[in-house]
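Inspection log for the structure reproduced underneath, given as structure tokens.
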Amino acid sequence: MTQIEQARAGSLTPQMEQVAQDERLDPDLVRDEVARGRMVIPANRVHVAKGLHPMAIGVAARTKINANLGNSPLSSDASCELAKVKCALRYGADTVMDLSTGDQIDEIRQRIIDAVEVPVGTVPLYQMCEQLDDIVDMKPQDFLDIVEHQARQGVDYMTIHCALLREHLPLTEKRLTGIVSRGGSLTAKWMAAHGEENPFYTHFDQLCEIMRDYDVTWSLGDGLRPGSVHDASDEAQFAELKVMGDLALRAWELGCQVMIEGPGHIPMDQIEMNVRRQMEWCHEAPFYVLGPIVTDVAPGYDHITSAIGGAMAAWYGAAMLCYVTPKEHLGLPNMEDVHQGVIAYKIAAHAADVARRRPGAQDRDNALSKARFEFDWDEQFRLSLDPETARRMHEESLTEPADGEHRYCSMCGPKFCSMRTTGELRRMKQEEPAG
């Protein structure tokens, strides 16, 4: 039985109990959230046997972040991508997706699964496309075989663009940037070439059988997500979202866990509406958003433009944020790009958790603020999301050796430090004569 089937039967699995402990939630609440489909625990049985540490994605849990990794046909190799995975996990990624599209796809995926304790996701269509001269040569059974192959390797969740239908394609013709999802564009090309319906839609039940056998979590892919703020919240995007809601119900009927992939490029004033509509149409299945990027004018800084949108989406109820690196739209991210992307998204996710009052979320903020007021630099660095950067920035800006207590930084120096002055005021108050 899958996690959702066991939850519906009233059982508490070891994975649910671990999630409850990690999230500081009542185990019965975790079970109930999984049972109703509002929380998923991506935990392929194969990966569980290899030491997966279970985690939860859902509105009742902490906001999670995913790091997309993988080589391209033009750059990188297995060792390089594994190093990026370790970098992403070091700075706090909760899941990783192997989106490799070049050589060594199988090797990279297997090495990642074997090396990490967090859930691993994929887009199986990429491997299908890599094995063919042209995606139009794909047969539905070929794709089913790829999905089962990746499930046997231990992939915990898969993004498949099942909800993009032939009738949706004309709705994209007025878009400024067309179909920007790689999987969505490949699916659209196959439908256009064959004059047939999306094979992932017509073979959805067979895909669910494979998912259920291994307890792979569905990530229903948004093939028509907007690729520019101009195209946000258009008819094509929402037509696909309605089908996602229907497929979520069908997957639940067949014993599968489901989350919904979301946009994309969305102006700030439309983020709340997008999240609310997804919750309504997709029956509160966990929402996994890509950004969203809130403005298109900052190539090289899209980890910032998207983290703004990610924090807002999480505040309104998104359950997981897919990070964006500074290289988005520009090239394959290197190690430092991964570092910057993960940190930007940890900030966004944590800020939302504090605002949503998730259990214990603000404890770290309070502890760091206390250390800051007490000039306990080592504790400040330890509690920060990026201790090495915090320490380096503090130390490199000191123009002369600090005094014995080191009770200032180079922003104000000892004379103008407000916290130092506040400490002196408190000591003066304590030393005032009684009466």
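Enumerate the calculated ³J(HN,Hα) couplings along the range 132-139 in order (Karplus 6.51 cos²θ - 1.76 cosθ + 1.60, θ = phi - 60°), each rounded to whole Hz, writing x wherever the residue is Gly or Pro.
Using θ = phi - 60°, the values come out as 10, 5, 8, 4, 5, 7, 5, 9 Hz.
5 Å is the cut-off here: which amide hydrogens, built 1.01 Å from N in the peptide plane, fall below it relative to VAL258, excluding neighbours closer than 5 in sequence?
Those lying under 5 Å, H to H, from VAL258 are TRP218.
Could you pull out every residue, at least 5 positions away or on a different chain, whose amide H is within less than 5 Å of the one on MET97? Hs are placed 1.01 Å off N in the peptide plane, and Pro or chain starts have none.
ALA67, ASN68, LEU69, GLY121
Per the Kirkwood formula on distinct C-alpha pairs, the Rh of the range 270-418 is how many angstrom? Walk me through the numbers on the way to the answer.
Numbers: mean 1/r = 0.0570 Å⁻¹.
Computed over Cα pairs of the range 270-418, the Kirkwood hydrodynamic radius comes out at 17.5 Å.
Stokes-Einstein diffusion coefficient for the range 90-164 at 4 °C in a medium of 1.567 mPa s, Rh from the Kirkwood formula over Cα pairs: what value in µm²/s? Can you show the working numbers first?
Values: Rh = 13.0 Å.
Calculated translational D: 99 µm²/s.
What would the Debye formula give as log10 I(q)/I(0) at q = 0.12, 0.13 Å⁻¹ for the alpha-carbon point model of the chain, no solvent?
-0.97, -1.13
Suppose only helical runs count, i.e. DSSP H with n ≥ 4. What mean residue ellipticity at 222 nm does that imply for the chain under -39500 (n - 2.57) per run, divided by all residues and rounded to the nearest 500 deg cm²/dmol? The partial results should precede the final answer.
On the way: 20 runs with 219 residues, N = 435.
Taken over the chain, the calculation gives -15000 deg cm²/dmol.
Keeping the other protein chains in place, figure out the carbon and sulfur percent of the accessible area of the chain, with a 1.4 Å probe.
Working: 9750 of 19060 Å².
The computed percentage sits at 51.
Give, rounded to the nearest 20 debye, the magnitude of the charge dipole that the chain has about its Cα centre when Lys and Arg contribute +1 at Cβ and Asp and Glu contribute -1 at Cβ.
On the way: 44 positive and 67 negative charges, 231 e Å.
Approximately 1120 debye in magnitude.
Quick one: order SER11, SER228, SER72 from most to least accessible surface, probe 1.4 Å.
Details: SER11 50, SER228 5, SER72 25 Å².
The most accessible residue leads, giving SER11, SER72, SER228.
With only Lys, Arg, Asp and Glu charged, each at its Cβ (+1 for the first two, -1 for the last two), find how big the charge dipole of the range 68-201 is about the Cα centre; round to the nearest 20 debye.
Values: 12 positive and 21 negative charges, 109 e Å.
Approximately 520 debye in magnitude.
Compute the long axis of helix 302-316 from its Cα atoms, compare it with the longest principal axis of the Cα atoms of the chain, and write down the angle in degrees, 0 to 90, nearest 10.
So the helix axis and the longest Cα principal axis differ by about 90 degrees.
By how many degrees, between 0 and 90 and to the nearest 10, does the Cα long axis of helix 363-373 differ from the longest principal axis of the chain?
30 degrees
Just to be sure I understand: if I project the alpha-carbon convex hull of the range 236-307 onto a plane and average over all orientations, what area do I get in nm²? Mind dumping the intermediate values first?
Details: hull surface 20.6 nm².
Over all viewing directions, the range 236-307 projects a mean Cα-hull area of 5.2 nm².
Tell me, what ³J(HN,Hα) does each residue in the range 277-290 have, in order and in whole Hz, if you take phi through Karplus 6.51 cos²θ - 1.76 cosθ + 1.60 with θ = phi - 60° and put x for Gly and Pro?
Computed from phi, the couplings for the range 277-290 are 5, 4, 4, 6, 6, 10, 6, 6, 4, x, 9, 10, 9, 9 Hz.
Could you tell me the calculated FRET efficiency between GLU107 and LEU249, based on Cβ-Cβ distance and R0 = 41 angstrom, to the nearest 0.05?
0.65
Once both labels are modelled 7 Å past Cα along the beta-carbon direction, what's the LYS174-ASP28 spacing in nm?
5.3 nm
So how do 383-396, 125-138, 238-251, 36-49 stack up, highest first, on mean other-Cβ count within 10 Å? Working shown, then result.
Working: 383-396: 14.6, 125-138: 16.5, 238-251: 18.9, 36-49: 22.6.
So the order, starting with the most tightly packed, is 36-49, 238-251, 125-138, 383-396.
In degrees from 0 to 90, rounded to the nearest 10, what is the angle of the helix 235-253 Cα long axis to the longest principal axis of the chain?
80 degrees
Along the range 143-156, what does the Karplus equation 6.51 cos²θ - 1.76 cosθ + 1.60 (θ = phi - 60°) give for ³J(HN,Hα), rounded to whole Hz, x for Gly and Pro?
So the J values, rounded to whole Hz, are 5, 4, 5, 5, 4, 5, 4, 5, 5, 5, 6, x, 4, 8.
What figure, in Å² to the nearest 10, do you get for the accessible area of LEU220 with a 1.4 Å probe and non-protein molecules left out?
10 Å²
If you place +1 on the Cβ of every Lys and Arg and -1 on the Cβ of every Asp and Glu, how big does the dipole about the Cα centre of the range 253-298 come out, in debye to the nearest 20?
Values: 2 positive and 7 negative charges, 7 e Å.
Result for the range 253-298 is approximately 40 debye, rounded to the nearest 20.
Along the charge dipole of the chain, which of SER306, HIS230, HIS161 sits closest to the positive end, that is, farthest toward it, with unit charges on the beta carbon of Lys, Arg, Asp and Glu (+1, +1, -1, -1)?
The Cα lying farthest towards the positive end belongs to SER306.
Quick one: if you stick a label point 7 Å off each Cα along the C-beta vector at ARG427 and ASP363, how many nm between them?
A separation of 3.3 nm, rounded to one decimal place.
Cα to Cα, under 13 Å, and not fewer than 8 places away if on the same chain: which aspartates and glutamates meet these conditions relative to LYS189?
Qualifying aspartates and glutamates at Cα under 13 Å: ASP134, ASP137, GLU197.
Please list GLU81, GLU17 in order of solvent-accessible area, largest first, computed with a 1.4 Å probe with all protein chains present. Mind dumping the intermediate values first?
Working: GLU81 0, GLU17 95 Å².
I get GLU17, GLU81, largest accessible area first.
Can you list residues whose amide H is under 5 Å from CYS322's amide H, if they're 5+ apart or on another chain and H is modeled 1.01 Å from N?
Residues meeting the criterion, in which the H sits 1.01 Å from N, are ASN66, VAL289, LEU290, GLY291.
Cα gyration tensor of the range 134-263, axes a ≥ b ≥ c as square roots of the eigenvalues: rounded (a/c below 1.5), prolate (a/b > b/c) or oblate?
Working: a/c = 1.97, a/b = 1.47, b/c = 1.34.
Since a/c reaches 1.5 and a/b is larger than b/c, the shape of the range 134-263 is classed as prolate.
Over the heavy atoms of ILE146, what accessible area does a 1.4 Å probe trace out, to the nearest 10 Å²?
Surface accessible to solvent at ILE146 totals approximately 10 Å².
The values are calculated or read from the model by the stated rules, or taken from the named source; none is laboratory data. As the structure is a prediction and not an experimental result, all values here were calculated from the model. Because the Cβ atoms are built from the backbone with ideal geometry, glycine has one as well, and the counts that use them run over all protein chains shown. SASA here: full protein model, heavy atoms, side chains in, ligands and nucleic acids out. Shrake-Rupley method; radii C 1.70, N 1.55, O 1.52, S 1.80 Å.
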